[in-house]
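Below is one structure; the comments refer to it alone.
The values are calculated or read from the model by the stated rules, or taken from the named source; none is laboratory data. Worth saying up front: this structure is predicted, and the values here are computed from it rather than measured. With ideal geometry, Cβ positions are generated from the backbone for all residues, glycine too; neighbour counts draw on all protein chains shown. With ligands, DNA and RNA removed, areas are computed over all heavy atoms of the protein, side chains included. Shrake-Rupley method; radii C 1.70, N 1.55, O 1.52, S 1.80 Å.
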Amino acid sequence: MQQSSANPQLLRLRVSVFLAVSLDGFIARADGGIDWLMRYEDPGNEDYGFKDFFDTVDAIVMGRNTYDLALSFDTWLYGDTRMIVLTHRPVTSKHNETAYAGSLTDLVETLGREGVRRIYLDGGQTVRQGLAAGLVDDMTLTLIPTLLGQGIPLFGADVPESRWTLVGTKSYANGLVQVRYERAGLA
């Protein structure tokens with residue numbers, strides 16, 4: 001995250017996105033369903049670089065709908081990594097999560113002051129808020145060869161124009177393609 005502040009702690013903070021997205025730009029069906037992703041599970045249990053990415057994450061900032069979906073999985077995927085759920089509704093913490101109802105920008109600045117070096121931003125609305133506020137530094141998007149036609153978009157009208165630099169690509173035998181972008185101008 002680029003900051004105009006002279007605080008060196010904030011200068012080292014990165015806000016990252018790591019998501020699967022359909023070819024037509026959706027991260028879930030309109031009802032939040034992600035069943036279409038399961039068709040592309042790799043028989044070799046490929047994690048598509050998620051573990052390596054996640055090992056660099058100090059805190060997760062997740063939207064409430066994504067959090068509720070994550071709670072429905074058989075396994076909690078986030079270990080003991082600090083998680084802040086953006087919500088105006090109470091959260092019954094099951095894995096030491098905390099709720100936050102304020103500005104995403106304020107939260108990111110607070111986490112930077114606390115020494116967090118990398119935030120994993122997850123959830124469609126949360127990612128769009130981060131992009132709209134210019135907080136996102138890098139995105140790893142795994143393109144799923146499926147057209148959903150409608151659903152929850154990754155991007156939308158609330159996301160302003162911005163430039164991104166391709167820093168890597170990887171294709172997989174099952175048809176998935178992963179692209180990694182960094183916001184243009186990051187040093």
Against the definition (in a strand (DSSP E or B), of a type in the set (A, V, I, L, M), under 13 Å from the mean Cα position of the chain (by Cα) and buried (at least 19 other Cβ atoms within 10 Å of the Cβ)), how does LEU121 come out, yes or no?
yes
When region 145-170 is checked residue by residue, the ones that are part of a strand (DSSP E or B), open to solvent by less than 50 Å² (accessible area, probe 1.4 Å) and either among the small types (Gly, Ala, Ser) or at pLDDT 95 or above (or both) are GLY168
Residue set ASP58, ASP122, ASP138, ASP158; condition of a type in the set (D, E, K, R) and free of Cβ contacts under 8 Å to residues at least 40 places away in the same chain; output residue ASP158
Those residues that are open to solvent by 50 Å² or more (accessible area, probe 1.4 Å) and either of a type in the set (Val, Ile, Thr) or touching a strand residue (DSSP E or B) at 6+ places or on another chain (Cβ under 6 Å) (or both), I need them from region 59-83; list them, please.
THR75, ARG82
Can you pull out every residue in region 36-64 that is part of a helix (DSSP H, G or I) and modelled with pLDDT of 90 or more?
TRP36, PHE50, LYS51, ASP52, PHE53, PHE54, ARG64
Of the residues VAL127, VAL116, which is closer than 17 Å to THR66 by Cβ and among the aliphatic types (A, V, I, L, M)?
VAL127
Of all residues in region 103-118, which are surrounded by fewer than 18 Cβ atoms within 10 Å (Cβ to Cβ) and either in contact with an Asp or Glu (Cβ under 6 Å, 6 or more places away or on another chain) or among the charged types (D, E, K, R) (or both)?
ASP106, ARG113, GLU114, ARG117
